[in-house]
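For reference, the structure discussed in these notes is given below.
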Amino acid sequence: MSSGADIFPAEVVESVSSHIREVPDFPARGVLFRDITPLIADAEAFSALINILAERYRGKVDAVAGLESRGFILGAPLAVALGVGMLTVRKAGRLPGPVVGVDYELEYGSARMELQPFTVQDGMRVLVIDDVLATGGTAAAAFDLIEQAGGVPVGLCVLLELADLGGRAYLADKFPVEAVLAY
């Protein structure tokens, strides 16, 4: 498993962990929501996270693809720190065309993600980034979109992994997965 202090400095992992707020029974009874708002509100902690991610991926990627919507919060500053562009992978109907789209199954139904293919150059190495890895469906859809557009997904980086939901196992045969924290 590639997560936490195995690949990221312990002090950054501890800082991130200390800035995650646990909210019981949100958005529904029985769910423990992990809120990243305190982390992104703390300039020093958020900057340290982005800097360590930039160190890890510098020279290895040509673009960062943020997944709607919290992946944008992590992806934009990481792309700037790396000196590369950011791609937006969005829910259906939120990007003006042309777009490529992928339908995928969720634990409670189905969804569609889209990408503007003209933002991806042939052979572009793309890191997918999001706040949480749960079942892996959204990340798998993003990998598919990037490939459809001519890019080469190089892996997934997430802030938080919900290990019991099996996303890593679902994606393991396809692409490397790295998480700052795993629960």
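Which ones in the stretch 172-183 are out of contact with any Cys (no Cβ under 7 Å at 6 or more places or on another chain) and crowded, with 21+ Cβ neighbours inside 10 Å? Explain how you work it out, then say what you get.
Here is the first cut: in the stretch 172-183, the ones out of contact with any Cys (no Cβ under 7 Å at 6 or more places or on another chain) are 172-177, 179-183.
Selection gives 177, 179, 180.
Pairs only if they're at least six apart or on different chains, beta carbon under 6 angstrom, first in the stretch 45-61 and farther than 21 Å from residue 21 by Cα and in contact (Cβ under 8 Å) with a residue 40 or more places away in the chain, second surrounded by 14 or more Cβ atoms within 10 Å (Cβ to Cβ) and charged (D, E, K, R); list them, first residue then second.
Sorted first by the residue in the stretch 45-61, then by its partner, the pairs are 61/125.
Please specify each residue of the stretch 32-43 satisfying the condition of being part of a loop (DSSP other than H, G, I, E, B) and open to solvent by less than 20 Å² (accessible area, probe 1.4 Å).
Here is the first cut: in the stretch 32-43, the residues part of a loop (DSSP other than H, G, I, E, B) are 36, 42.
The one that is part of a loop (DSSP other than H, G, I, E, B) and open to solvent by less than 20 Å² (accessible area, probe 1.4 Å): 36.
Would a scan of the stretch 125-136 turn up a residue that is open to solvent by 50 Å² or more (accessible area, probe 1.4 Å), over 13 Å from the mean Cα position of the chain (by Cα) and more than 30 Å from residue 9 (Cβ to Cβ)?
No: the stretch 125-136 contains no residue that is open to solvent by 50 Å² or more (accessible area, probe 1.4 Å), over 13 Å from the mean Cα position of the chain (by Cα) and more than 30 Å from residue 9 (Cβ to Cβ).
Do the conditions hold for residue 29, that is, is it farther than 25 Å from residue 125 by Cβ, among the basic types (Lys, Arg) and open to solvent by less than 70 Å² (accessible area, probe 1.4 Å)?
It is false that residue 29 is farther than 25 Å from residue 125 by Cβ, among the basic types (Lys, Arg) and open to solvent by less than 70 Å² (accessible area, probe 1.4 Å).
If you go through the stretch 82-105, how many residues are more than 30 Å from residue 47 (Cβ to Cβ) and open to solvent by 40 Å² or more (accessible area, probe 1.4 Å)?
8
Being at pLDDT 95 or above, β-branched (Val, Ile, Thr) and more than 12 Å from residue 65 (Cα to Cα) narrows it down to one residue among 154, 128, 177; which is it? Don't jump to the end; show me each part of the working.
Values: 154 fails: more than 12 Å from residue 65 (Cα to Cα); 128 fails: more than 12 Å from residue 65 (Cα to Cα).
Selected residue: 177, the only one of 154, 128, 177 that is at pLDDT 95 or above, β-branched (Val, Ile, Thr) and more than 12 Å from residue 65 (Cα to Cα).
Counting only residues that are in contact (Cβ under 8 Å) with a residue 24 or more places away in the chain and of a type in the set (A, V, I, L, M, F, W, C), give me the strands (runs of 3 or more DSSP E) lying completely in the stretch 63-152 with at least 3 of them.
Ranges flagged: 63-67, 100-106, 109-115, 125-133.
Give the number of residues within the stretch 139-150 that are open to solvent by 10 Å² or more (accessible area, probe 1.4 Å) and touching a helix residue (DSSP H, G or I) at 6+ places or on another chain (Cβ under 9 Å).
4
To keep it simple, each residue is scored yes or no on (1) hydrophobic (A, V, I, L, M, F, W, C); (2) modelled with pLDDT of 95 or more; (3) surrounded by fewer than 19 Cβ atoms within 10 Å (Cβ to Cβ).
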position: 23; (1), (2), (3): yes, yes, yes
position: 45; (1), (2), (3): yes, yes, yes
position: 54; (1), (2), (3): yes, yes, yes
position: 59; (1), (2), (3): no, yes, yes
position: 63; (1), (2), (3): yes, yes, no
position: 69; (1), (2), (3): no, no, yes
position: 80; (1), (2), (3): yes, yes, yes
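Conditions: (1) among the charged types (D, E, K, R); (2) within 14 Å of residue 179 (Cα to Cα); (3) surrounded by 14 or more Cβ atoms within 10 Å (Cβ to Cβ). Residue 6 meets all but one. Number of the miss?
Of (1) among the charged types (D, E, K, R); (2) within 14 Å of residue 179 (Cα to Cα); (3) surrounded by 14 or more Cβ atoms within 10 Å (Cβ to Cβ), only one is false for residue 6: (3).
The values are calculated or read from the model by the stated rules, or taken from the named source; none is laboratory data. Bear in mind that the values here come from a model prediction, so they are computed numbers and not experimental data. FYI the Cβ positions are ideal-geometry reconstructions off the backbone, even for glycines, and counts take in every protein chain you see. For accessibility, only protein heavy atoms count, side chains too; no ligands or nucleic acids. Shrake-Rupley method; radii C 1.70, N 1.55, O 1.52, S 1.80 Å.
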